[in-house]
Amino acid sequence: MRLHRTYLGTDGLLAGATHSDSLYFDTASLYLTQLNDQGNVLNTYEFYRKDTNILASGTFTTDNYRLYWTDAPIDHNFEYRLRGFIPGNNNFEAVSPVVGPVEITRPKGFQKLTFGIQDAKFGWDAARNARLYQGYIHFKYKEAPVRNPKDSAVKTVTYALPTRTGTNLTGSGNYVTELSYATYYQFLRNNIGKTTDTVRVFKSIDFELWAAADDYATYINVSQPSQGIVQEKPLFTNIDGGIGLFSSRGHTIKKQIKLSNTSMDSLWRGIYTCNMGWVDFQGIDSVICVDGFPVKF
């Protein structure tokens, strides 16, 4: 968890953010409390401070990046309350439900993906307390120079599915997002590129899914750039006694999804992905597609 000062002057919320003595509090006590349906306390866990120089994106100084963490077990059947106590009566609190469970329903089991006359389908069950869903298709492949096939590297290119807004927070229903052959294979061509001196072999696809709680979704929507004439947008916070976000997101991933035979055929010699060096194994021969024709290498 991140915790730092904000400023309400004309210089904006992040004034002084590049100076650690202006950004961070000297001391702070933070606690995470598990609550039942009646709001009664079941368990309380303390956050511990951790300083690191491994800097992710965000607000940090040239000094260590200050985080707070806890190893508390998180159960999606309960709400959790964050409370912070800072010397000088700068106390704050926030409450959030937990998103989950998040479960992928399509592709099922060992079902292969088919991009063809019908679009490929990616599906999941609605998750409890989830308002916003975002899926990612991670396409993994191996490539190597034609002249030195042992010098190979595994690479990944990621396609972001459109975000979906949940119709309820009870976990009722399911969602399906479709992806067409033309859209996806053109994406592969544009993001991997054509080649004459490299061979490529498809490995697998991972389908990753994230689900965000209601406040998290509101924060994302409010923080997006304005599309209208009025550029100023309202500040969103769900922290009582502070400014920020305390919320939840759920995650799952289905790995090692394979392409169907027809989709593999379209990959190595299709109208969008021929001349990309995709290998097809034909008996004892290995071929690639060059201008619509199979060529041994």
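Annotations
- Criterion applied to SER223, SER248 was being in contact with a strand residue (DSSP E or B) (Cβ under 9 Å, 6 or more places away or on another chain) and either at pLDDT 95 or above or loosely packed, with under 13 Cβ neighbours inside 10 Å (or both), and the one residue passing it is SER248.
- Only one of the numbered conditions (1) assigned by TED's automatic domain parsing to the domain that holds ASP285; (2) surrounded by fewer than 11 Cβ atoms within 10 Å (Cβ to Cβ) is not met by LEU209, and that is (2).
- The set of residues from the range 93-109 being closer than 29 Å to ARG49 by Cα and either crowded, with 19+ Cβ neighbours inside 10 Å or in contact with a helix residue (DSSP H, G or I) (Cβ under 6 Å, 6 or more places away or on another chain) (or both) comprises ALA94, SER96, PRO97, VAL98, VAL99, GLY100.
- Test: residue in the range 143-166 that is at pLDDT 95 or above, of a type in the set (Lys, Arg) and under 15 Å from the mean Cα position of the chain (by Cα): yes
- Strands (runs of 3 or more DSSP E) (entirely within the range 32-73) containing at least 2 residues that are modelled with pLDDT under 95 and under 26 Å from the mean Cα position of the chain (by Cα): 48-52, 65-69
- Test: residue in the range 253-270 that is surrounded by 17 or more Cβ atoms within 10 Å (Cβ to Cβ), more than 29 Å from the chain's Cα centre (by Cα) and β-branched (Val, Ile, Thr): no
- Test: PHE187 is surrounded by 16 or more Cβ atoms within 10 Å (Cβ to Cβ) and under 21 Å from the mean Cα position of the chain (by Cα): yes
- No other residue among THR177, THR237, THR198 is in contact with a Gly (Cβ under 8 Å, 6 or more places away or on another chain), at pLDDT below 95 and surrounded by 13 or more Cβ atoms within 10 Å (Cβ to Cβ) apart from THR237.
Okay, residues lined up against (1) assigned by TED's automatic domain parsing to the domain that holds THR183; (2) surrounded by 17 or more Cβ atoms within 10 Å (Cβ to Cβ); (3) more than 28 Å from ALA211 (Cα to Cα); (4) in contact (Cβ under 8 Å) with a residue 60 or more places away in the chain:
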| site | (1), (2), (3), (4) |
| --- | --- |
| ASN91 | no, no, yes, yes |
| GLY116 | yes, no, yes, yes |
| LYS121 | yes, no, no, no |
| ASN129 | yes, yes, no, yes |
| HIS138 | yes, no, no, yes |
| LYS142 | yes, no, yes, yes |
| ARG147 | yes, no, yes, no |
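- Within the range 180-194, the residues that satisfy the criterion of being more than 13 Å from MET276 (Cα to Cα) and out of contact with any helix residue (DSSP H, G or I) (no Cβ under 9 Å at 6 or more places or on another chain) are SER180, ALA182, THR183, TYR184.
The values are calculated or read from the model by the stated rules, or taken from the named source; none is laboratory data. Fair warning: this is a prediction, and the values are worked out from it, not measured in the lab. Methodologically, a virtual Cβ is constructed for each residue, glycine included, from the backbone with ideal geometry; neighbour enumeration extends over all protein chains shown.
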